[in-house]
Amino acid sequence: MIDRLKTYAPKLAAIVSVGTLLAILAPYETGRLGVPWIWVYWTGLIGLGWVAGDLCGWVLDRYAPDWPRIPRGLVTTIVVTLPVTVAVALIQFWLSGPFPLYVLPMMFFFVWVISAAVVAVSMIAEARQGEREPDAARALPALTEKLPHRLRRATLLALAAEDHYLRVHTDAGDALILMRLSDAIAAVEALDGARTHRSWWVARNAVERVSRGDGRAVLTLSNGLEAPVSRTYAPALREAGWY
């Protein structure tokens, strides 16, 4: 539960920050709403847009994972704008009563401008975060390009083989991809980690606690996941100072 809250905390902080900024700027004559309703108005709309954007990202990750960033961003702005425009129209109707239908395209455009700005800032921040990561501390594209877009810049925690598939665990969630564990381990060779079991590879920085049961060690990771340590790999891990 705590780990999930940590995952959503940056998004919630961003929603509140952007909503507060727009409440202060009061664009499109929203200052007439007054305090605190102008803050509720903008923060609520930004929150709705963020949910729509996350859903859009999930769909694109699932059905179009290889889309370039710019087309992906444009589609996201449209998907975000649609429900937010509906919400704005309903609020306008509730506050002022019926309005001419020809106002809707203009309303859509005004919402799209803000949606585009928020999506653009998010994309720039994501790109800069990637640039700050040293190349030696990143997995090779052979692995990362198979991941959903939302996980490609996340911190890798562990790899776990599941039959012919591979479960990739990150601090932003996990994904099941078609890849052999041996190939994935080759792709993360530059990272500080080790194989702990015939079916597991674990990033060293992800380990928060080591426990023992039935004569075998178990590694508890930062996301609460428990990774087994087999007798085959235990000596090398002890020698390396893992526990």
* Check whether at least one residue in segment 72-95 is at pLDDT 90 or above, over 30 Å from LEU143 (Cα atoms) and in contact with a Phe, Trp or Tyr (Cβ under 6 Å, 6 or more places away or on another chain), and report yes or no. => yes
* Does ARG212 count as in the same structural domain as THR155 (by TED's automatic domain parsing), surrounded by 11 or more Cβ atoms within 10 Å (Cβ to Cβ), over 23 Å from the mean Cα position of the chain (by Cα) and over 20 Å from ILE185 (Cβ atoms)? -> no
* Structure fact -> When every residue in segment 16-28 that is of a type in the set (A, V, I, L, M) and farther than 17 Å from VAL88 by Cβ is compared, the one surrounded by the most Cβ atoms within 10 Å (Cβ to Cβ) is VAL16
* Looking at segment 219-233, which of the residues that are touching a helix residue (DSSP H, G or I) at 6+ places or on another chain (Cβ under 6 Å) and buried (at least 19 other Cβ atoms within 10 Å of the Cβ) is farthest from ALA206 (Cα to Cα)? -> ASN223
* Asked: Does any residue of segment 207-219 turn out to be over 23 Å from TYR165 (Cβ atoms) and assigned to a loop (DSSP other than H, G, I, E, B)?
  -> yes
* Does segment 53-69 contain any residue that is out of contact with any Phe, Trp or Tyr (no Cβ under 7 Å at 6 or more places or on another chain), of a type in the set (Lys, Arg) and farther than 18 Å from VAL119 by Cα? -> yes
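The values are calculated or read from the model by the stated rules, or taken from the named source; none is laboratory data. On a predicted model such as this, the values are computed, not experimentally measured, just so you know. Using ideal geometry, Cβ is built from the backbone for each residue, glycine included, and neighbour counts are taken over all protein chains shown.
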